[in-house]
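This report concerns only the one structure given below.
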Amino acid sequence: MRLDILRSLNAERAARRAAVVVTDIATGAQRFVAAVDVDADPLRDVLLSHLRSGKSGMEETPQGRVFLTVHVPPPRLVVTGAVHISQTLAPVARLLGYDVTIVDPRTAFATPERFPDVRLIPQWPDEALPPLGVDRYTAFAALTHDPKIDDPALLHALSRDCFYVGALGSKKTHARRLERLKANGVAEAALSRIHAPIGLAIGAVSPGEIAIAIMAEITASLRLAAAPSLPSSAGQERQIDLPSSGLQPNAHPPAGHGRVAAGGG
Amino acid sequence: MLARDEDILKAAEDWRREGRDVALATVVETWGSAPRPVGSNLVIDKDGNFLGSVSGGCVEGAVVTEAIDVIETGKPRMLEFGVADETAWKVGLSCGGTIRVYVEKVE
């Protein structure tokens, strides 16, 4: 590998951006492709598929057999709400390889006893979120059910282009939330990116089950067509296409989960 | 890759910048139960120092030896290890899988 390619690859990794090195196995020839340049690449489709899965691998191409060294930043999960759902969501997310942070200014909730081994920030989102470097490889879930905490966090998550943004609450609660966010100047396209009621429609009832529904929905956002590795504009277009896949609870409201998730609101 | 273990590629860059002669070995294909996934890296210097893993210990010795050759010749090489391989008795994978490892010099 040429040192300049290695340097570019490491620089992209350090900046939490995806990149691929294409190696022609027969000749040893190599080139570096940053995620933003994938759209214009002759191997576009193959590269996109590898960026979605995050896996390196061998591919047959018209140019011959190539090995793709794929590097995608490790995903993060940021949650507002040190609540019951989060007590399952945090360990499950960690098992799936996510770096998890929970933000909740209510110190009675955000205790290490309730959340052993989780990064807990007992501050308001306005203070807690900016230093976290929330980015397009971050999933965000608003779970406090308190607009004073969830709304500013949602504004931040949308502005940082998180690959997944979900919010707890019934359709009614969410409709009111959308009104508030719109009043804060959030564009329609951004609002439509919020998954609410949160979680895949699996009929989840208990907080633990809702956590699983949320994690499944996050996984779908990470691995299906709207993968965060895509260049920003393409990512937006695909994001809007997603409901037709039938995977969003908005398109197919679950029988009971939405109401349960909304409990108290 | 989502692995967060020691940063092999960063080490490869750092070692090269220090002026050391360096080779990079990468698992490019696996069949059966391979101990390390495709994309796993091992970085090797001319003196046989290495960091990382391509097989969890089974074939690292052989890869390091080949890598020192690659550093000298500058020519990349594809290595294959597995139980069906005739070198199995020397450096076979105890798990019964087969792996192909691409070894290249960091120029």
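The values are calculated or read from the model by the stated rules, or taken from the named source; none is laboratory data. Predicted, not measured: the structure shown is a model, and the values here were computed from it. Reconstructed Cβ throughout: ideal geometry from the backbone, glycine too, with neighbour counts over all protein chains shown. When the accessible area is computed, the model is the full protein with side chains, heavy atoms only, and any ligands, DNA or RNA have been set aside. Shrake-Rupley method; radii C 1.70, N 1.55, O 1.52, S 1.80 Å.
The listed residues A:96, A:89, once ranked by accessible area (1.4 Å probe) with the largest placed first, stand as A:96, A:89.
Total buried accessible area between B and A, probe 1.4 Å, nearest 100: 2000 Å².
For region A:50-55, putting each phi into the Karplus relation 6.51 cos²θ - 1.76 cosθ + 1.60 with θ = phi - 60° gives couplings of 6, 5, 5, 7, x, 10 Hz, in residue order, rounded to whole numbers and with x for Gly and Pro. What the phi angles of region A:168-176 give under the Karplus curve with 6.51, -1.76 and 1.60, with θ = phi - 60°, is a coupling list of 6, x, 5, 4, 5, 4, 5, 4, 5 Hz, glycine and proline written as x. A cut-off of 5 Å between modelled amide H atoms, ignoring neighbours fewer than 5 places along the same chain, links residue A:99 with A:76, A:77.
Across peptide A:1-14, the average count of Cβ atoms from other chains found within 10 Å of a residue's Cβ is 4.
All other residues whose Cβ lies under 9 angstrom from that of residue B:100 are scored, Lys and Arg at +1 and Asp and Glu at -1, for a net of -2.
Of all the accessible heavy-atom surface of region A:3-71, with the other protein chains kept in place and a 1.4 Å probe, what percent is carbon and sulfur? Carbon and sulfur: 52 percent of the exposed surface of region A:3-71.
Fully extending the segment from residue B:62 to residue B:75 would add 3.0 nm, taking 0.36 nm per residue of separation and subtracting the current Cα-Cα distance. Approximating the spin labels as points 7 Å out from Cα along Cα→Cβ, the residue A:127-to-residue B:49 distance works out to 4.5 nm.
Around the amide H of residue B:21, modelled in the peptide plane, lie the amide H atoms of B:46, all under 5 Å away and 5 or more residues distant in sequence or on another chain. In the context of the full set of protein chains, region A:95-151 has a per residue accessible area of 46 Å² (1.4 Å probe). Distant-in-sequence amide contacts of residue B:29, defined by a placed amide H-H separation under 5 Å and a gap of 5 or more residues or a different chain, comprise B:100. With θ taken as phi - 60° and the Karplus curve 6.51 cos²θ - 1.76 cosθ + 1.60 applied, the whole-hertz 3J(HN,Hα) list for region A:158-165 is 5, 5, 8, 6, 3, 5, 9, 10 Hz, x standing for glycine and proline. With protein chains left intact and a 1.4 Å probe, residues in region B:8-105 average 45 Å² of accessible area per residue.
Largest to smallest in accessible area, the residues A:171, B:75 fall in the order B:75, A:171 (1.4 Å probe, all protein chains included). Solvent-accessible area assigned to carbon and sulfur over region B:8-105 amounts to 49 percent, based on a 1.4 Å probe.
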